[in-house]
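The values are calculated or read from the model by the stated rules, or taken from the named source; none is laboratory data. The structure presented is a predicted model; accordingly, all values stated were derived computationally and were not measured. Neighbour counts run over all protein chains shown; Cβ positions are idealised from the backbone, glycine included. Ligands, DNA and RNA are stripped out before the accessible areas are found, and what is left, the full protein with its side chains, is counted by its heavy atoms. Shrake-Rupley method; radii C 1.70, N 1.55, O 1.52, S 1.80 Å.
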Amino acid sequence: MTVLVAAALLTAYGWWGSYPLVTLLGVCGLAVVPAVLPLTGGRLRAEVTRTIEPDRVQRGRPARAVLRVRNAGRRHQGGFTAVDSIGATSRTVRVDSLRAGAEAVHEYALPTTARGRVTVGPLRLDRTDPLGLTRNRLTVGGAVTLVVHPRQLPVRPPSGGHVRHQQGGRLTDDAPGGSADLQDVREYVPGDEVRHLHWKATAHTGRLMVRDLADARESRLTVLLDTRAGVLSAGDFEEAVDLAASLLYAAARAGHPSQLVTPGGRVMPVHSAGPALRQFLDALSEIRADATPVTGLLLPPRTGRVVVITAAGIPPPPGRALVVLLGAGTSAPGSGRVIHAGDAADAIRRWNEAGW
């Protein structure tokens, strides 16, 4: 439209002022625009679809968008440009012309360096003529979401305690005082409690057999993630979330009841079932440091093992918890119930070596 208006003005001005060259330029402009309109006009005969693989990914792992273009018409389809919105940025893909029935596949990487939800789309298709005088724009499909989870690094699940079972399957134990559950039946050794003798197994084997009991309460894992404003730097906070995700994911997969708590009072239980565990990771992908300061770092009520993830330079909270201090320059070995680590991988290595 701009070119047409400019050409019309040049033609009128050249004609009025008796300027042949200006008049010629205006007439050429009026002739060129109608000539290139067929190149961008008409309906787009190509079928365009875009998918993301996978739709959930750990931070730092690869994810991609797959753009499939198929010429479903009987005539040649000219080339065009596909522009895909990816969060606050965009990705441009040049699609070459396709003969009838042909298909082309284009792939491009999606950003996974930061946790959270990345909105991909909608997809915009632009067709322009070689001179760039006309443009035909079409929006196809909708927006999809890529969820970037925190990393889940290899880690041993918490030792001590055992998962509670019964004949009908696994039980959940919410009794505050815990309970003694049958872990195994084994042969008696000197020092075992006589009251734990298993008489049926003894009669069956001809040897003294005892019940091996465990407190199901001790298999619980509570991770207290320090989300107080200004405590952990941005980089250390990401490492802290990775560490919390790794510990809780391993505990849940091992069947231990687990939960994540924050100083602000947020409680996120973790379940071993696939969909529930995925929902927990979805929620953990969006957790952020508190916008306003939260005073104090109170330990949750006794519910088995407690791991506190906070920053180096912050006094570790008193009590029974294992404290992981994260921060640059804190790679010195910890002592007692404190782990000093520079990042999540370092903390997990020390966790595995100590066998907690």
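A few remarks follow.
- Of all residues in the stretch 43-79, those satisfying the criterion of being outside any strand (DSSP E or B), closer than 28 Å to Ala283 by Cβ and either open to solvent by 50 Å² or more (accessible area, probe 1.4 Å) or of a type in the set (Ser, Thr, Tyr) (or both) are Pro54, Asp55, Gly60, Arg61, Pro62.
- All conditions in (1) surrounded by fewer than 21 Cβ atoms within 10 Å (Cβ to Cβ); (2) on the phi < 0 side of the Ramachandran plot; (3) in contact with a Ser or Thr (Cβ under 9 Å, 6 or more places away or on another chain) hold for Pro293, with the sole exception of (3).
- Among the residues examined, Gly342 does not qualify as at pLDDT below 90, surrounded by fewer than 21 Cβ atoms within 10 Å (Cβ to Cβ) and farther than 18 Å from Thr227 by Cβ.
- The set of residues from the stretch 219-233 being open to solvent by 50 Å² or more (accessible area, probe 1.4 Å) and on the phi < 0 side of the Ramachandran plot comprises just one member, Ser233.
- Residues that are under 16 Å from Leu277 (Cα atoms) and not polar (S, T, N, Q), drawn from the stretch 222-242: Val223, Val241, Asp242
- If you filter the stretch 80-94 down to residues that are without any contact (Cβ under 8 Å) to a residue 40 or more places away in the chain and more than 25 Å from the chain's Cα centre (by Cα), you find that the one that is least open to solvent (accessible area, probe 1.4 Å) is Val93.
- The single condition among (1) in contact with a Leu (Cβ under 8 Å, 6 or more places away or on another chain); (2) open to solvent by less than 30 Å² (accessible area, probe 1.4 Å); (3) at pLDDT below 90; (4) assigned to a loop (DSSP other than H, G, I, E, B) that Gly255 does not meet is (1).
Residue-by-condition table, conditions (1) part of a loop (DSSP other than H, G, I, E, B); (2) modelled with pLDDT under 75; (3) aliphatic (A, V, I, L, M):
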site	(1), (2), (3)
Ala250	no, no, yes
Gln259	no, no, no
Pro269	no, no, no
Val308	no, no, yes
Gly313	yes, no, no
Gly319	yes, yes, no
Ala332	yes, yes, yes
Asp346	no, no, no
Glu353	no, no, no
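- Filtered residues of the stretch 95-116 (kept if more than 35 Å from the chain's Cα centre (by Cα), among the hydrophobic types (A, V, I, L, M, F, W, C) and assigned to a loop (DSSP other than H, G, I, E, B)): Ala100, Ala102
- Taking the listed residues Asp174, Asp236, the one that is under 30 Å from Val294 (Cβ atoms), modelled with pLDDT of 70 or more and either assigned to a helix (DSSP H, G or I) or open to solvent by 50 Å² or more (accessible area, probe 1.4 Å) (or both) is Asp236, with no other qualifying.
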